[in-house]
2 protein chains.
Amino acid sequence: MNSVSATEREQESNEASSTCVTMQAMGRAARAAARLMARADTGIKNAALKAIAAELDRQRPQLAAANAQDMQNGRDNGLDAALLDRLELTDPRIDGMIDGLNQIAELPDPVGEISDLKYRPSGIQVGKMRVPLGVVGIIYESRPNVTIDAASLCLKSGNATILRGGSEALHSNRAIAACIAAGLKQVGLPETAVQVVGTTDRAAVGALITMPEYVDVIVPRGGKGLIERISNDARVPVIKHLDGICHVYLDDRADTEKAFNIALNAKTHRYGVCNAMETLLVAEPVAAEFLPRLAAAYAEKGVELRGCEKTRAILPQALPASEEDWGTEYLAPVLSIRVVADMDGAMEHIARYSSGHTEAIVTEDYSRARRFMAEVDSSSVIVNASTRFADGFEYGLGAEIGISTDKIHARGPVGLEGLTSQKWIVFGDGQIRQ
Amino acid sequence: MNSVSATEREQESNEASSTCVTMQAMGRAARAAARLMARADTGIKNAALKAIAAELDRQRPQLAAANAQDMQNGRDNGLDAALLDRLELTDPRIDGMIDGLNQIAELPDPVGEISDLKYRPSGIQVGKMRVPLGVVGIIYESRPNVTIDAASLCLKSGNATILRGGSEALHSNRAIAACIAAGLKQVGLPETAVQVVGTTDRAAVGALITMPEYVDVIVPRGGKGLIERISNDARVPVIKHLDGICHVYLDDRADTEKAFNIALNAKTHRYGVCNAMETLLVAEPVAAEFLPRLAAAYAEKGVELRGCEKTRAILPQALPASEEDWGTEYLAPVLSIRVVADMDGAMEHIARYSSGHTEAIVTEDYSRARRFMAEVDSSSVIVNASTRFADGFEYGLGAEIGISTDKIHARGPVGLEGLTSQKWIVFGDGQIRQ
């Protein structure tokens, strides 16, 4: 080891430890803000959301200037066109953020909701009260509008938030954070209720996900690599989904039109989304009837087909599907197709290859619909509708912070309620244990 | 390094890797059994519980012989009297296990319960269905009756279980496991639905808590050291509580009799339990009225008092409380007492020192009761009743696998429902996304 590298290493380690100190301070401030947010009433929280919306509208020039700086840096650093597009804060996108804030202000407040209150033989009255989780850490990639989406959901559900966006969007995120701080201040809520990590240092993420004393849950939003890294290293619970390998099973008792429409919509409505179908399972008795018409429709949309041997016997134009295909989330106009003996065969395939996101059956058979619904272990199980409905807005949550494929806590689309938990409450009249 | 230690090390590492292979095989078997358990109907699960109860009754001689072996080993290894007492499987304790099984058979089955089913503007009908978590790993210490408690709750909630008891109870646990296997077999459920780790190798715990592909959640039951170790090393979610540092706050608008009864009951009903009061907070205006009478009652029960300065001005017999006392779960006839200015002072103290388990206020003031209820962030918040009510049976859960002080997923007493999650279900008539 020479003296230069020792010095460099020391400098790096100093930087990391100073980032750690900064993150700890943010954590402490968030924890203190969380107590004030938890007791903020619905009216104040809604006023804050509207004040932030007004600030975004007022500070359009500042937002444009900050975003221009990120766009210039992005171009200088050779970001590709798709990433640059996601990074851009156009006026319609700012309108979208303002609309989002106003919509979340309209949603019912989950905090303080009391349920299941009943008397026990001892005379105490026991129930549950919905309360904020506390401090939510959100780690996301380049889209700056996530800053507003995430902050507004956490604010409405009474949580404090620490947001860590992508380095490409740093200036834009800071400008948005300034609007949020101004809005919070106007209504008398602590500005530290929403904090944006102001450094692009990677150590900041490492610190954020390992402070259980200050952070109650982490929500990562981004590519699979990011989410896997965070899940592996986190010392606090993570609300996440890794893959959306969604299946549609066309049963031999399916209605032909429903089968055709759903199989087409689930694949081709949008390709790059987690609730798109990646594998189509078809019951053997109807494969020869269903597949050719579907294949023609897929061909028209430019979808590449990869099939098992039985599929290729019906659709010779399909490429052979490999073992790897069954476990792949294409997020693209590619579809794998497998002919299965029956619903049990379909459920076996799903149990083995599904990522636990969303599966659908198309059938008119009552008992099969009931069994599929009960036995398939995914966050959404659908009878006779497209997998594309697995979405917080379609389910009526009003908003969505993400979709969870975990079974603990929140499962499927996560809205305001997923950012809360329930504590037990007891009303007594002096009761003691005998 | 000499050749002997190298050989020993190799042998150890071979043992560890063979344990790991064994645990992986148990995990695979549990995962397969979990699918069958998830679809087992209520009648079959109840029949299994009753068959296991009958087997325990029939195999009393085998249980006695196995337990005698553990007791002899325990005596040979110098286990203390308290541990030997917990280890012993007396006939009344076997009766207790049988009663427990029959009680759990009587509880409603949470699996398959559908809630919140409603139509959306798109025409789909969306709701939630309660489903088992999958595979539950339970790690516990010497009491062999936990084997039945834990297995029966997991069985009723449709989960597969891997149980890892203390090495002192290995023979007893194996004998109980044989009864469970016989009961499961009689009703046609997979014997691998409840597996008991048959080795005392420590590596088995390490493997069990780091197999997210096979284990969905870990429930540790035992001392704080065990739970901390498991939480730190686990790669799967853990349902746990570390401490029960519970507070009772006597407000200056408290009813005198309720205050006296609750403060006495919360401390002295039982000492070694997690919902016992460890710190009493008293509002300054009523401290001189409440404390002397309470101190006399505590003295009669042999409770040692440790107070802040203001407490000691009223109760000179109290020892001085140190900063450490406020953060200590005594689990013993020791009580720390602090005089606070008012309810805000009490809530500040609780926010700083509570373990988030259970806090109670005694007051007749409506607005203060409402604020305490809303603002105190613990798994149970109680108005005018003893902290000792924070318990699955008292809350009407029928049974309890543990008490969680975490905010994610289950909070407070965890019964059958805490061993399940909810998936989304969608009923459609051919709907597609527009």
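Readers should treat all values here as calculations from the given coordinates under stated rules, not as data from a laboratory. Model, not experiment: these values are computed from the prediction. Positions of Cβ are backbone-derived with ideal geometry, glycine not excepted, and every protein chain shown enters the neighbour counts.
The H on the amide N of A:ILE337, modeled in the peptide plane, is under 5 Å from the matching H of A:LEU280, A:ARG306, A:GLY307, A:CYS308, each at least 5 residues off or on a different chain. For B:ALA296, the point set 7 Å out from Cα toward Cβ sits 9.7 nm from its twins in the other copies, listed from shortest up. When each of A:MET211, A:MET23 is scored by the number of other beta-carbon atoms lying within 10 Å, the sequence from fewest to most is A:MET211, A:MET23. Of the residues A:VAL126, A:LEU36, A:GLY166, the one whose Cα sits farthest toward the positive end of the charge dipole of region A:3-233, with +1 on the Cβ of Lys and Arg and -1 on the Cβ of Asp and Glu, is A:VAL126.
Cβ crowding within 10 Å, taken as a proxy for footprinting-reagent exposure, orders A:VAL248, A:VAL238, B:VAL236 from fewest neighbours to most as B:VAL236, A:VAL238, A:VAL248.
Comparing B:GLY123, B:GLY166, B:GLY402 in a Gaussian network model of chain B where C-alpha atoms under 10 Å apart are linked, the largest mean-square fluctuation is found at B:GLY123. Indicate, rounded to the nearest 5 percent, the antiparallel portion of the DSSP beta bridges found entirely in chain A. Close to 30 percent.
Between the beta carbons of A:ASP344 and A:ALA81, assuming R0 = 41 Å, the FRET efficiency works out to 0.30 to the nearest 0.05. Using a 7 Å projection from Cα along Cα-to-Cβ, the label point at A:ARG60 is separated from the same position in the remaining copies by 8.5 nm, smallest value first. If you plug the beta carbon distance of A:GLU309 and B:LEU117 into 1/(1 + (r/R0)^6) with R0 = 41 Å, you get a FRET efficiency near 0.50. When chain B is treated as a GNM with alpha-carbon contacts under 10 Å, the residue of B:ARG352, B:ARG368, B:ARG31 showing the greatest mean-square fluctuation is B:ARG352. With a Förster radius of 25 Å applied to the beta-carbon distance between A:GLU417 and A:SER167, the computed FRET efficiency rounds to 0.20.
Need one word for chain B: rounded, prolate or oblate. Basis is the Cα gyration tensor (sqrt eigenvalues a ≥ b ≥ c); a/c below 1.5 gives rounded, then a/b vs b/c decides. Verdict is oblate for chain B.
Size of region B:132-228 from its Cα atoms: along the principal axes, largest to smallest, the extents are 39, 29, 19 Å. Taking the Cα centre of chain A as reference, the dipole from Cβ charges on Lys and Arg (+1) and Asp and Glu (-1) amounts to some 1380 debye. Between B:ARG58 and B:LYS185, the distance separating the two model label sites (each 7 Å from Cα on the Cα→Cβ line) works out to 1.0 nm.
Annotation for A:ASP365, label-to-label distances across the other copies: 6.7 nm (shortest first, one decimal, point 7 Å from Cα along Cα→Cβ). 3J(HN,Hα) along region A:170-178, derived from phi through the Karplus expression 6.51 cos²θ - 1.76 cosθ + 1.60 where θ = phi - 60°, amounts to 4, 5, 4, 5, 5, 5, 5, 4, 5 Hz, with x in place of Gly and Pro.
Computed from point charges on the beta carbon alone (+1 for Lys and Arg, -1 for Asp and Glu), the dipole magnitude for the protein assembly as shown about its Cα centre is near 680 Debye. Scalar couplings 3J(HN,Hα) for region B:418-423, obtained by applying the Karplus form with A = 6.51, B = -1.76, C = 1.60 to θ = phi - 60°, are x, 9, 10, 9, 10, 9 Hz; x denotes Gly and Pro.
Basic side chains Lys and Arg get +1 at the Cβ, acidic Asp and Glu get -1 at the Cβ, and with that the dipole of region B:13-233 about its Cα centre reaches some 780 debye. If you run the Gaussian network model on chain B, springs between alpha carbon atoms under 10 Å, then out of B:GLY396, B:GLY412, B:GLY222 the most flexible one is B:GLY396.
Contact order for chain B, expressed relative to its length and based on alpha carbon pairs under 8 Å spaced 6+ residues apart, stands at 17 percent.
Chain A comes nearest to the axis taking it onto chain B at the Cβ of one residue; that residue and its distance, in whole Å, are A:HIS409, 2.
For the cross-link pairs B:LYS45/B:LYS118; A:LYS50/A:LYS407; A:LYS45/B:LYS407; A:LYS45/A:LYS267; A:LYS45/B:LYS258; A:LYS301/B:LYS118, the ones whose C-alpha atoms lie over 32 Å apart are A:LYS50/A:LYS407; A:LYS45/A:LYS267; A:LYS45/B:LYS258; A:LYS301/B:LYS118. Classify region A:69-218: rounded, prolate or oblate, from the alpha-carbon gyration tensor (a ≥ b ≥ c, eigenvalue square roots; a/c under 1.5 rounded; otherwise prolate if a/b is larger than b/c)? Taking the square roots of the gyration eigenvalues as a ≥ b ≥ c, region A:69-218 is prolate. Farthest toward the positive end of the dipole of the protein assembly as shown, out of A:GLN72, B:GLY327, B:ALA150, is the Cα of B:ALA150, where the dipole comes from beta carbon charges about the Cα centre.
Please work out, to two decimal places, the log10 of the ratio I(q)/I(0) at q = 0.11 Å⁻¹ from a Debye calculation in which every Cα of the protein assembly as shown carries one identical scatterer. Taken in order of the listed q values, log10 I(q)/I(0) reads -1.43.
Subtracting the Cα-Cα distance of A:GLU257 and A:ASN232 from their residue separation scaled by 0.36 nm leaves 4.6 nm.
Shape of region A:246-394 from its Cα gyration tensor (a ≥ b ≥ c, root eigenvalues): rounded if a/c is under 1.5, otherwise prolate when a/b > b/c, or oblate? Cα axes put region A:246-394 in the rounded bin. Between A:THR363, A:GLY412, A:PHE389, the Cα set farthest toward the positive side of the dipole of region A:333-434 (charges on each charged residue's Cβ, about the Cα centre) is that of A:GLY412.
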